[in-house]
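Below is one structure, written out as structure tokens; comments come after it.
The values are calculated or read from the model by the stated rules, or taken from the named source; none is laboratory data. Not measured: the values here are computed from a predicted model. Cβ placement follows ideal geometry from the backbone for every residue including glycine, while neighbour counts extend to all protein chains displayed.
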Amino acid sequence: MNQNRGHFLRLHHWRTFLRIIGLIAIAIFAFHAISSLVFSVVDLAPSSPKWSLTLTLAGFLALAGAAVGLQSLQVAPPRLTGLVSGAASLGILLFYSFGQLSDQNAIYAIVGAGVGLVLGGGLGYWSGGRRGFWQVAIAIASTLCAYGIAYGLGTWAFAALSTRHWPLSLLLGSLTGLYIWFTRRSLTWIYHRWANWSGERVN
């Protein structure tokens, strides 16, 4: 009996190790993709031809960040927040991936975003009501989205402040603080969610 218990624990530790490696890989890729996209548009002016891309990216980041923030507060149905955060975050990641693989072809990038919306939404809805690897993985990607939009909003807030647009700088500064708070809350929620699920798998 003890031998079987020991074998089970070793197998569990090995699987946990592989899951942690997987989550680290997802976090690194998501951070790289989101940072690359944010840095490519954050300095664009409203008169830029790519301004619509800036607003679209900001909208996706804001949706994913808000959804995972609400998920961490447990004030909305988990399947709903999982669907929104999964669709928005995976839409961004596949938009970036397809764009890179196609040498910045806009059509392929848009196709990637559409695929990400469908797959991410389905996966987020499925994993929203249960504890496990995919719920944590989507939450990590969405938390990085929250951090990305906080950075972008903060940059715009300083720009508005430097040009003395006081109401706009106040609004953007407040939103920056909100998404920083979402990021911190989500990181704490991810840690406890993973720790509780891992503990349940052992018992």
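Details
- Residue count for the stretch 12-50, restricted to those that are closer than 24 Å to Q135 by Cα and either among the polar types (S, T, N, Q) or in contact with a His (Cβ under 9 Å, 6 or more places away or on another chain) (or both): 2
- For the stretch 77-112, the set of residues classified as part of a helix (DSSP H, G or I), more than 14 Å from the chain's Cα centre (by Cα) and closer than 21 Å to L37 by Cα consists of S97, F98, G99, Q100, L101, A106, I107, Y108, A109, I110, V111, G112, listed by residue number.
- Restricting A157, A195 to residues that are among the small types (G, A, S) and buried (at least 16 other Cβ atoms within 10 Å of the Cβ) narrows the list to A157.
- Some residue of the stretch 113-128 being over 25 Å from W181 (Cβ atoms), β-branched (V, I, T) and without any contact (Cβ under 8 Å) to a residue 60 or more places away in the chain: yes
- With respect to the conditions (1) over 14 Å from A146 (Cα atoms); (2) free of Cβ contacts under 8 Å to residues at least 40 places away in the same chain; (3) part of a helix (DSSP H, G or I), G59 lacks only one, and its number is (1).
Yes or no, residue by residue, for (1) modelled with pLDDT under 95; (2) under 21 Å from F39 (Cα atoms):
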{"site": "F133", "(1), (2)": "yes, no"}
{"site": "L144", "(1), (2)": "no, yes"}
{"site": "Y147", "(1), (2)": "no, yes"}
{"site": "S162", "(1), (2)": "yes, yes"}
{"site": "G177", "(1), (2)": "no, yes"}
{"site": "W181", "(1), (2)": "no, no"}
{"site": "N196", "(1), (2)": "yes, no"}
